[in-house]
Structure formats: C-alpha cells, structure tokens
Amino acid sequence: MGRYLNIGNVGFRKARNGEYIDKSALIGYVNRSLNTEHNMLCVTRARRFGKSMAAKMLNAYYDQSGDSLPLFKDLTIANDATFHEHLNKYPVIYLDVTSFTTQLDVDIHQVVFTINHALIDDLQRCYPDIQLGEQKSLLFCLLTIVEHTHQPFIMIIDEWDAICRESQNTPDVMKQYVDWLRNMFKTPDTDKVFAGVYMTGILPIIQYDTQSALNNFEELTMISPGALGGYFGFTEEEINRLCATYNMDADTMRLWYDGYQIGDMRNMYNPYSVMTAIRKQSIENYWTTTGAYESLRKYITLNFGGLRDSVVELLAGNSVPVNVLRFSNDIHSIQSCDDVLTTLAHLGYLSYDNQTKCCRIPNYEVRQEFERTIGDTNWTHLAITIQNSEQLLSDTLAGKADAVAQAIELVHQDNTSILQYNNENSLACVLSIAYIAARKDYVMVRELPTGKGFADIVLMPRRNVKSPAVVLELKYNKSAITAIDQIKQKRYTGCLKDYVGEVLLVGVNYNKKDKIYSCTIEYSNESQPLINPSSTPHQPLINPSSNSAVQRLLDMMDNNTYSSDDLMRLLGLKDRKSFQKTYLSPALQTGYIEMMYPDNPKRRGQRYKKQ
C-alpha cells in the first residue's frame, strides 16, 4: 500500500458507516468501458455533487490491496454481471490534484513536476524489485511495471481541473499540465498501461480550436451527462425515502434543493445540501456557504451584451436560451454571455435543459445566492427592488393598494435601465422580481399573456403556509377595477382548483401615456373589498437620480427655507406653471422637499425646505 498506489478502501468505508445513497451502478458503466477503446472517462459535475464520493467508491472497488466485498455485497452493483470480474483486481493510482495545489510550500510553477515526481517515487517504493532507474517519465515507469507484472493500471484523478482553475495568471503552468496529461493518456503506450482512467472535476476538458485537449476521453458533464444523469444527484424517490426515515419535510426539501435537470433526469437534488440538512435536522443554505473559487459575482458582472437582461430574466423565474457549444471550457477565457451562463451551469448555479437549450435558477438555495450577490454589485436599483420585496408582499397581503401601486411603479421606473419601460414582457418580468420574496412561501406561476393584458402572476401558498393565495392581473390603459373584473371573468382562480383557502385578487393598471399606476385588492370569496382596497391614480414617483429637474432643484437648495419665488429665481425660471409642474410638484410628491405649512398648502407666503 502506497501514498497514491493501492491506498485501500478506507474512504468509501467511512461513507458506508453513515447514511449512504446507493449510486454503485456507476461501477457497472465503468466496468463495461475497461480494456476497450472507450476506457478513458472524464465525469465532471458541480461542486458538492458527489465527485469525490464516486472516486472513492471506484477506488475501493478496483483496488487489489484489500477485500471490499463486504462494502458492496448489499449494493446494486452486486447484481451486475461484471461485479466479481473486476472486484479488487487492479493496481489503482488515486490522485487528488488539490492535495498538491493547496500545499503552501509547492510553487504553482513546480506543481506538475511535483506531482510527477511524487507518483514515480511512490511506484519505486511499492515495486522495489523492479528497477525504474532515474526515469522522469511517469508513463515509462508504469509501462516498465506492467511489462513485469502483466497487470494494467486503473488511474483515478479527483479534481483533475484544480490546476486549470488556479493557473489564471500562469498560462505556462496550464500548458505544462495539459502536456503532462497528453503524454500519459494520448500515446501508443497508453493502452498497454491503463485498463481504464476515470477523471472527475468541475469543468470539462479545455478545448483548443474546438477540439478537446484530450479528445480520446468520453466526457460526461452537468450539461451532457449521457446515461449517468441519475448518478449526479439525488432523485425524488431517494429524497422521499430519506425524509420519511429522518422525519424531514419533503416539500420544504424540494423548495430548497430540488430543481436540477441533468440530462433526461428531472427533479434532481443537491446531494451535499440534502445530507447536511438531514444530519443537522435543519433545512437552510449549505451549498453556497461552503466556499470555493467560483464567485458568482465575478461572472454575472462581466460586461457582455445581454448578460444583465439574462440575469434579470433568471431572477424573475424565467428560462433563458443559451448556446453551450461555444464555450471552450476555460474559465479564464470567457468571451460572451453564453460562456457565462454555460460556466454557471457547470458550476451548479444554473440548471440546463438539453431539449429546450435553456437554463434557469434551480431552487431557493441558489436563488438566495443570486439575490445576495446582486446586493454586492453596482446594480443598485435591482438590489433595492429585491431588498424591498418583503414589504411589497406584506402590503399586498394587508390590502394596502396605494402602497402596492407606488411600490410597483418605483420598481418599474428604477429598472428601466435594464429593461424597456413600455415593453409588456419586461413589465411582467420586473413585477416577478418585485415579488421575489414571495418565493419562499409561495410557488410563483406566470400565466401566458392574453389579448392586451400583461402576463398574470399567481402565487400559490406552499404547504403549511397560512397566507392566502394571490392572483395578480396587470393591465394597461384601463383601470385596476377592470383588472379585477378580468380575473373574475377569466376565472383565473381555476388554476387554484385544488387549493382550499382564501384567494386575494390584485388588479394593477398601468397608464402607458402618463406612466401612472393604480391598484385594487379584494378577496374572491367576499362581497366587500378590503379596507383601503383601491388606489387612485397618482403622479409618477420620481427618483432624483433619474429625474434631472428634481435633482437640479435639490442641488440648488441647502438647509434654508424658500418661497416659490426664491426657488424660481435660483433656477432662473419665469414660467410659474412650468415650475410647478416640472419641479415643485414632483419634488413634493416624492417627499424630497416639504411644506413649512402642510395643513394649509395654498397659504400665502408658503415656504419649502429640503428633507
């Protein structure tokens, strides 16, 4: 037994000592590739999706230094026809690349040399009767051993891409590493030395001129897992069994950790988060707090056309088209919005649908990370919208129609730099973001637009949530009452046919010409609307940074009080009507200035001060 050769089955044994979800059928897939022209596998998946567990399982199964039958005899693989043929039959080299990249005393420029030297040194200790001499080629050393033992090796490389991730400013190191891999796995002697090679990591093999640097490897990824999709995460059936065993709520587990589509497998769960939640008996955010090199902020703030729009669409709960074929699998050479979205899919921040060629945010756990990250960017208005979302939901449930109308108007106005102001889909999209806080307690459903109506939004309360369901209809150039009537006429509550409880109807109208919102709120099962159910149309809310007239007025004022004449003189204006409409009224309505005598607005000698 060496440090890298035939290290034993202790890693997988520890896993079997705890709660273990049986993914051993993966071994059967690998067995059928051994000693064939398809015996080079690179299986990559997101962080905390069981990469290392699979590597330890394969090592325990193939490693000839021990007896692993007790670890596998009750697992699915024991019923496979190839089980006994390959069990503990090979010398196995197990290499975890991060064990070198994280060593403080290893110079990144020397890491490839260090790995090569460490493996050769281990071989010399494990095969003392075979003269390897001063050979510097690992492949030549392995070939010499095979010629003596007539036993080909299996090599398992965990975190194969660790050097790729660490070599952003050292392209020479990346080239050394890729050349080392090529010299190992793409030579005439490769087939003589290896019965099989299994590499795992986060990113697929880097491409050069559209070709993989190691094109003899079969690659299976989060985006294209082939037949292995079911081994990349936990299935619905596995989750239900775990929740029943450990008395956990399956619906809450689904909200937080479900949502990944991996190949043909839908409703796949994040394994690490699920097992941590079960161990701690608490469902919360675990995956995004583990810490890793991949910073979501680093990617979503890159200056690529269409990227910000795509992020907004994703936050709104929509799917976004993405061309995954353009990505070179090099995180240091991202060149487009498609590259960013593809990278995030490989990292597990997005789920990719191979049929629709679209991606989306998979679950509440990851959505939280997006929301938190937006708060750390310069997307100020979007961050404020997310921050104020809980208040908007609270006002909606409390029937505060005026507050809802004003909040939606401000959301719309503040986010026009991202989306077109009068575009119907963009309004519904921003509205979905405005209610983003509802996703924790509600399932948000976007209805299809009909006629001249905007997309309706239905908030279906999750199990054990006592708040009413909400049906929201957004109209334009009509009235909020018309929106409510349309909800009733279309029987939108029909989509809640299996729901037993109160339904809150929220009608919102947008006056396209004046950019004015109004709102009406009432319960569908009550003849009388809520207290303060309807809002009257009001002038648009003004953000001073986005209204040059109000901003100019505020810039002219200090802590003194001013009459209308004083302010007109400071602004150099003579038309009192224009001053009232363009400067004074918007500034008063938004609260940026206030009257000294608010109880008598038309008082002669009224004065104003800045808030």
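The values are calculated or read from the model by the stated rules, or taken from the named source; none is laboratory data. All of these numbers come straight from a predicted model, not from anything done at the bench. Every residue, glycine as well, gets a Cβ built from its backbone with ideal geometry; the counts of neighbours run over all protein chains shown. These area figures cover heavy atoms from the full protein model, side chains too; ligands, DNA and RNA do not enter into them. Shrake-Rupley method; radii C 1.70, N 1.55, O 1.52, S 1.80 Å.
Summary of values
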| item | result |
| --- | --- |
| Inter-residue pairs, beta-carbon under 6 Å, first under 21 Å from ASN354 (Cα atoms) and among the hydrophobic types (A, V, I, L, M, F, W, C) and in the range 318-336, second open to solvent by less than 20 Å² (accessible area, probe 1.4 Å) and in a loop (DSSP other than H, G, I, E, B), 6+ apart | VAL324/ILE223 |
| Which listed residue is in a helix (DSSP H, G or I) and among the polar types (S, T, N, Q), from THR377, THR385 | THR385 |
| Enumeration of residues in the range 78-99 that are touching a residue at least 24 places away in the same chain (Cβ under 8 Å), within 31 Å of the chain's Cα centre (by Cα) and over 16 Å from ASN9 (Cβ atoms) | LEU95, VAL97, THR98 |
| Qualifying position, being over 18 Å from the mean Cα position of the chain (by Cα) and modelled with pLDDT under 95, among ALA195, ALA292, ALA227 | ALA227 |
| Failed item, numbered, when GLN176 is tested on (1) part of a helix (DSSP H, G or I); (2) under 16 Å from ASN216 (Cα atoms); (3) open to solvent by 20 Å² or more (accessible area, probe 1.4 Å) | (2) |
| Some residue of the range 317-337 being closer than 20 Å to CYS429 by Cβ and of a type in the set (Lys, Arg) | no |
| Within the range 249-288, considering residues that are under 15 Å from the mean Cα position of the chain (by Cα) and assigned to a loop (DSSP other than H, G, I, E, B), the one surrounded by the fewest Cβ atoms within 10 Å (Cβ to Cβ) | ASN285 |
| Condition check for LYS186: closer than 23 Å to ASN329 by Cα, open to solvent by 10 Å² or more (accessible area, probe 1.4 Å) and free of Cβ contacts under 8 Å to residues at least 24 places away in the same chain | no |
| Positions within the range 143-170 being open to solvent by 10 Å² or more (accessible area, probe 1.4 Å), in a helix (DSSP H, G or I) and either among the hydroxyl-bearing types (Ser, Thr, Tyr) or without any contact (Cβ under 8 Å) to a residue 60 or more places away in the chain (or both), in sequence order | LEU143, THR144, VAL146, GLU147, HIS148, THR149 |
| Pairs where the first residue, in the range 550-567, is closer than 18 Å to LYS581 by Cβ and β-branched (Val, Ile, Thr) and the second is in a loop (DSSP other than H, G, I, E, B) and open to solvent by 20 Å² or more (accessible area, probe 1.4 Å), C-beta under 9 Å, 6+ apart | VAL550/ILE542; VAL550/ASN543; VAL550/THR590; VAL550/TYR592 |
| Any hit, the range 214-234, residues being surrounded by fewer than 16 Cβ atoms within 10 Å (Cβ to Cβ), under 28 Å from SER333 (Cβ atoms) and in contact with a His (Cβ under 7 Å, 6 or more places away or on another chain) | yes |
| Which listed residue is within 30 Å of TYR349 (Cβ to Cβ) and not basic (Lys, Arg), from ASN183, ASN169, ASN116 | ASN169 |
| Boolean, LYS51 is modelled with pLDDT under 95 and among the basic types (Lys, Arg) | yes |
| Sole exception among (1) under 27 Å from the mean Cα position of the chain (by Cα); (2) hydrophobic (A, V, I, L, M, F, W, C); (3) at pLDDT 75 or above; (4) not in a helix (DSSP H, G or I) for LEU448, by number | (3) |
| Positions within the range 81-126 being open to solvent by 20 Å² or more (accessible area, probe 1.4 Å), β-branched (Val, Ile, Thr) and in a helix (DSSP H, G or I), in sequence order | THR98, THR101, ILE108, THR114 |
| Tally, over the range 467-485, of residues that are modelled with pLDDT of 85 or more and either open to solvent by 10 Å² or more (accessible area, probe 1.4 Å) or not in a strand (DSSP E or B) (or both) | 2 |
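To keep it simple, each residue is scored yes or no on (1) part of a helix (DSSP H, G or I); (2) β-branched (Val, Ile, Thr); (3) at pLDDT 60 or above.
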position	(1), (2), (3)
VAL506	no, yes, yes
PRO537	no, no, no
ASN560	no, no, yes
ASP566	yes, no, yes
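Conditions tested, residue by residue: (1) at pLDDT below 90; (2) crowded, with 17+ Cβ neighbours inside 10 Å; (3) among the aromatic types (Phe, Trp, Tyr); (4) assigned to a loop (DSSP other than H, G, I, E, B).
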| position | (1), (2), (3), (4) |
| --- | --- |
| LEU302 | yes, no, no, yes |
| ASN318 | yes, yes, no, yes |
| ILE331 | yes, yes, no, yes |
| HIS346 | no, yes, no, no |
| CYS359 | no, yes, no, no |
| PRO362 | no, yes, no, yes |
| GLU369 | yes, yes, no, no |
